[in-house]
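Written out below as structure tokens is the structure these notes cover.
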Amino acid sequence: MNFGKSLAELRKKHKYTQKEVSEHLGISRAAWSHYENNRRFPDYMTLRSIADFFKVKIDELVSSGEGGDH
């Protein structure tokens, strides 16, 4: 599973919309969409905020299993 798909599944598991997550993180909804679609990768501070928001470790976000892009 790739990074973007992991983010999307995590967001859906917690029943958040892209808008809700992006507002909480202080980023645009478009930026969040780019992360979920593997068009961009967040900087370290944003990555840390994402991990804190979903209460997971950064390693869990970026180590996306076999075939992961990041």
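With the condition kept exactly as written, say whether any residue in the stretch 53-63 is part of a helix (DSSP H, G or I), charged (D, E, K, R) and modelled with pLDDT under 95. Explain how you work it out, then say what you get.
Step one: list which residues in the stretch 53-63 are part of a helix (DSSP H, G or I), which gives 53-54, 58-62.
Next, from what is left, pick out any that are charged (D, E, K, R): 59-60.
So of that shortlist, the ones also modelled with pLDDT under 95 come out as 59-60.
Yes, some residue in the stretch 53-63 is part of a helix (DSSP H, G or I), charged (D, E, K, R) and modelled with pLDDT under 95.
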Q.
Considering only residues that are under 12 Å from Leu61 (Cα atoms) and either loosely packed, with under 14 Cβ neighbours inside 10 Å or aromatic (Phe, Trp, Tyr) (or both), which ones fall in the stretch 3-43?
A. Phe3, Glu9, Tyr35, Phe41
Q.
For the stretch 47-63, give me each residue that is surrounded by 14 or more Cβ atoms within 10 Å (Cβ to Cβ), touching a residue at least 12 places away in the same chain (Cβ under 8 Å) and closer than 18 Å to Asn2 by Cα.
A. Leu47, Ile50, Phe54, Leu61, Val62
Q) Among (1) among the hydrophobic types (A, V, I, L, M, F, W, C); (2) modelled with pLDDT of 95 or more; (3) over 10 Å from the mean Cα position of the chain (by Cα), which single condition is Met1 missing? A) (2)
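Specify the residue that is farthest from Ser6 (Cα to Cα); the eligible residues are those in the stretch 27-42 that are hydroxyl-bearing (Ser, Thr, Tyr) and touching a residue at least 12 places away in the same chain (Cβ under 8 Å). Even if it seems obvious, please write down each step before you answer.
In the first step, residues of the stretch 27-42 are kept if they are hydroxyl-bearing (Ser, Thr, Tyr); the result is 28, 33, 35.
Then keep just the ones that are touching a residue at least 12 places away in the same chain (Cβ under 8 Å); that gives 33, 35.
On the way: Ser33: 13, Tyr35: 10 Å.
By that ranking, first place goes to Ser33.
The values are calculated or read from the model by the stated rules, or taken from the named source; none is laboratory data. The shown structure was predicted, so the numbers you read here are calculated from the model rather than taken from an experiment. For neighbour counting, all protein chains shown are included, and Cβ atoms are generated from backbone atoms with ideal geometry for every residue, glycine included.
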